[in-house]
Amino acid sequence: MRKFNSASIKRDWKWNWPLYVMMIPAVVFYIMFAYIPMFGNIMAFKEFVPGVGIQGFFIGEWVGLKYFKQFIEGIYFWRLIRNTVLISLYNLIFSFPAPIILAILLSELPFKGYKRVVQTITYLPHFVSTVVICGLIVNFSLSTGLFNDFIELFGGSRVPLLQDPKYFRTIYVASGIWQGIGWGSIIYLSAIAGIDASLYEAAVIDGANKFQQIINITIPSIMSTIIIMFILQIGQMMNVGSEKIMLLYNPSIYETSDVISTYVYRIGLVQMNWSFSAAVDLFNKVINFILLITANDISKRVSEVSLM
């Protein structure tokens, strides 16, 4: 094991000081916006007193696990858990493989000009504001909107899609795929670009067709990247984004659209019940942390690929 002393530290600083200087903005960012805010988790265990600044963290009555118990025993608990888990699972099943498939298809295109056009078209939605995206979805989902034009074209009847709970998850996941498939494929395209070309040449000599090359060379070669991204996705399972859902949902579809993050927003910022919302949010983060560690440990045992 390498031993650190003042001489080795000075030597390391002498040779690598530009790298340390470049790290400073990132370190400051995470300290300010990731670590210092953790102090606010104490609100989940106290009767927070608003309007008195930082002292509000200290002068409130300590209530322990009162708000966690209140959330778990609440009437919305299972609905929130069900909606959050189902939307996350749908994202995992449909959204996660989509960039991988697109990256593989793009890597097999023989015409570079056409490939660049397809990449540009699929990247563009990522740079469009979520507010704009949701505005388009809301307009297209109206009974007179574009989606209903297609439904009517194929023999269906017009319905206001975002007023019916059973359509929300499909709209949310499908729009997420459209918005993120191009941007998500970048990392897989980079991994594919690093595959040794001689492997494909040998496969062609052995008579392997394109599909066999993809199954036996491309996918195994990028499997470590896929596993890492999968672990990160598992770690975000309970973190269904509140911004997009809040721009799409309404009380008539809370049954399928209300998730933990939107509930935290309503309870905390709308109803101003900060301690209760902090407890719900902390509960959610702990579940995410457990899922991340568990997925990482299983991956390490099964495939020897992990985050650490």
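List of remarks:
- Scanning the range 138-168 for residues that are among the charged types (D, E, K, R) and assigned to a loop (DSSP other than H, G, I, E, B) yields 158, 164.
- Inter-residue pairs, beta-carbon under 7 Å, first under 11 Å from residue 104 (Cα atoms) and in the range 187-200, second outside any helix (DSSP H, G or I), 6+ apart: 188/222; 191/222; 192/222
Yes or no, residue by residue, for (1) in contact (Cβ under 8 Å) with a residue 60 or more places away in the chain; (2) farther than 21 Å from residue 163 by Cβ; (3) in a helix (DSSP H, G or I); (4) not charged (D, E, K, R):
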residue	(1), (2), (3), (4)
244	yes, no, yes, no
262	no, no, yes, yes
289	no, yes, yes, yes
298	no, yes, yes, yes
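- Residue in the range 217-232 that is more than 22 Å from residue 102 (Cβ to Cβ) and either free of Cβ contacts under 8 Å to residues at least 12 places away in the same chain or open to solvent by less than 60 Å² (accessible area, probe 1.4 Å) (or both) present: no
Yes/no per residue for (1) small (Gly, Ala, Ser); (2) surrounded by 12 or more Cβ atoms within 10 Å (Cβ to Cβ); (3) under 27 Å from residue 248 (Cα atoms); (4) touching a residue at least 24 places away in the same chain (Cβ under 8 Å):
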{"residue": "91", "(1), (2), (3), (4)": "no, yes, yes, yes"}
{"residue": "101", "(1), (2), (3), (4)": "no, yes, no, no"}
{"residue": "109", "(1), (2), (3), (4)": "no, yes, no, no"}
{"residue": "112", "(1), (2), (3), (4)": "no, no, no, no"}
{"residue": "120", "(1), (2), (3), (4)": "no, no, yes, no"}
{"residue": "127", "(1), (2), (3), (4)": "no, no, yes, no"}
{"residue": "133", "(1), (2), (3), (4)": "no, yes, yes, yes"}
{"residue": "138", "(1), (2), (3), (4)": "no, yes, yes, yes"}
{"residue": "148", "(1), (2), (3), (4)": "no, yes, yes, no"}
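- The lone criterion from (1) over 23 Å from the mean Cα position of the chain (by Cα); (2) within 22 Å of residue 246 (Cα to Cα) left unmet by residue 114 is number (2).
- Annotation: of all residues in the range 251-308 being over 30 Å from residue 226 (Cα atoms), exposed (fewer than 14 other Cβ atoms within 10 Å of the Cβ) and among the hydrophobic types (A, V, I, L, M, F, W, C), the one that is farthest from the chain's Cα centre (by Cα) is 272.
- Qualifying residue in the range 220-236 (condition: assigned to a helix (DSSP H, G or I), more than 20 Å from the chain's Cα centre (by Cα) and farther than 30 Å from residue 163 by Cα): yes
- Those residues of the range 234-262 which are of a type in the set (S, T, N, Q) and within 22 Å of residue 75 (Cα to Cα), in sequence order: 239, 242, 250, 252, 256, 257, 261, 262
The values are calculated or read from the model by the stated rules, or taken from the named source; none is laboratory data. These numbers were taken from a predicted model, which means no experiment stands behind them. For neighbour counting, all protein chains shown are included, and Cβ atoms are generated from backbone atoms with ideal geometry for every residue, glycine included. For the accessible areas, the whole protein counts, side chains as well, though only heavy atoms, and no ligand, DNA or RNA atoms are used. Shrake-Rupley method; radii C 1.70, N 1.55, O 1.52, S 1.80 Å.
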